[in-house]
Amino acid sequence: MTTSPSMNARDWLMLTVLSVIWGGSFFFTGIAVRELPPFTIVAARVGLAALALLVGLRIAGISMPRAPKIWLAFFGMGLLNNMIPFSLIVWGQGHIASGLASILNATTPLFGVVVAHFLTRDEKMTGGRLAGTIVGFAGVALMIGPSALSGIGAHLMAELAVLGAALSYSFAGVYGRRFKAMGINPIVTATGQISASAVLMISIALVVERPWTLAAPGMPTVAALVAIALISTALAYIIFFRILASAGATNLMLVTFLIPVSAILLGWLFLGEVLAPQHFIGMATVVAGLILIDGRLLRRVFGPSTRGTLSN
């Protein structure tokens, strides 16, 4: 049976950095939804990110491809990886707490394992990968705590929206593999899919929400939009496509396990938030899940025969 590629130290480092960057996106979104409607937030996010990346490519002397086939792929990726999930998450966060949204978003690897198994030849499901994914999800739920689950079901449509975003992300991870086959630089890929997303989202926001009629947002909202555009989108997707090219779609989806870990540690370091026992237990459980998924440590401890056991 063919299995997905393993992660090397560089891949794990990039995945950790990406989790820290994306860990702030729920916080920034939570600020923005207080003053702005969802499509306007997403349009501003991808529009500013696309502008920054296009300027960066121009300065670096890198040209964007012009082939219609490539741009069609960019629009497909933008739809699955930006337009659909961003809109669903922003709308969902307007009705449910960020903690619950984080837990629901952490189902992405669960969807990713299944989607990659059926739609790829080299990222098939293994026993170790499935077990590790379930353990990792349990760790996320432990970290966020039972209080986040207390309102589950109260806003069913919002919860389903975030789950829909997780499913869309899993399809995007598999769809995005084609850019490596096309030989497209990860920076160009990130710029292309975000630019395509900007065209789609700005058009929708102008028609549906007419942002020019809204009250001018305050400085905290403006700062949150700039941060989520430049850091959590432009920079994040450069790293995203580098990981996708080297480690595959299923491994890339593991970032959603690390995002709550990053968010909690950042709160402890910079906001003086207290770490409770549940946080340490949850983090340890996430690490255990990642060890199961990676498999290398288990093979060192139990020998090469573990590979066959994990692949059943």
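The values are calculated or read from the model by the stated rules, or taken from the named source; none is laboratory data. All values derive from a computational prediction rather than experimental measurement. With ligands, DNA and RNA removed, areas are computed over all heavy atoms of the protein, side chains included. Shrake-Rupley method; radii C 1.70, N 1.55, O 1.52, S 1.80 Å.
Taking every protein chain into account, the accessible area of segment 45-85 amounts to 54 square angstrom per residue (probe 1.4 Å).
Going by the alpha-carbon gyration tensor, a ≥ b ≥ c the square roots of its eigenvalues, is segment 4-114 rounded (a/c under 1.5) or, if a/c is not under 1.5, prolate (a/b greater than b/c) versus oblate?
Details: a/c = 1.65, a/b = 1.19, b/c = 1.39.
Cα axes put segment 4-114 in the oblate bin.
In terms of its C-alpha gyration tensor, segment 64-195 comes out oblate, because a/c is 1.5 or above while a/b does not outweigh b/c.
DSSP H helices in the chain with Cα extent of 18 Å or more along the helix axis and mean Kyte-Doolittle hydropathy at least 1.6?
Details: long enough: 9-32 (35 Å, 1.20); 38-60 (33 Å, 1.83); 127-144 (26 Å, 1.55); 156-175 (28 Å, 1.44); 186-208 (32 Å, 1.83); 255-270 (22 Å, 2.23); 277-294 (26 Å, 1.36).
Sorted by number, the helices that extend far enough and score high enough are 38-60, 186-208, 255-270.
Can you show me the helix-derived [θ] at 222 nm for the chain, built from DSSP H runs with n ≥ 4 at -39,500 (n - 2.57) apiece and divided by the number of residues, rounded to the nearest 500. Please report the intermediate quantities before stating the final value.
Numbers: 17 runs with 227 residues, N = 312.
So the calculated ellipticity at 222 nm is -23000 deg cm²/dmol.
Across the accessible surface of segment 1-82, with the other protein chains kept in place and a 1.4 Å probe, carbon and sulfur atoms take up 68 percent. Over the chain, all Cα pairs binned in 10 Å intervals from 0 give whole-percent P(r) values of 6, 27, 35, 23, 8, 1, 0, listed from short to long.
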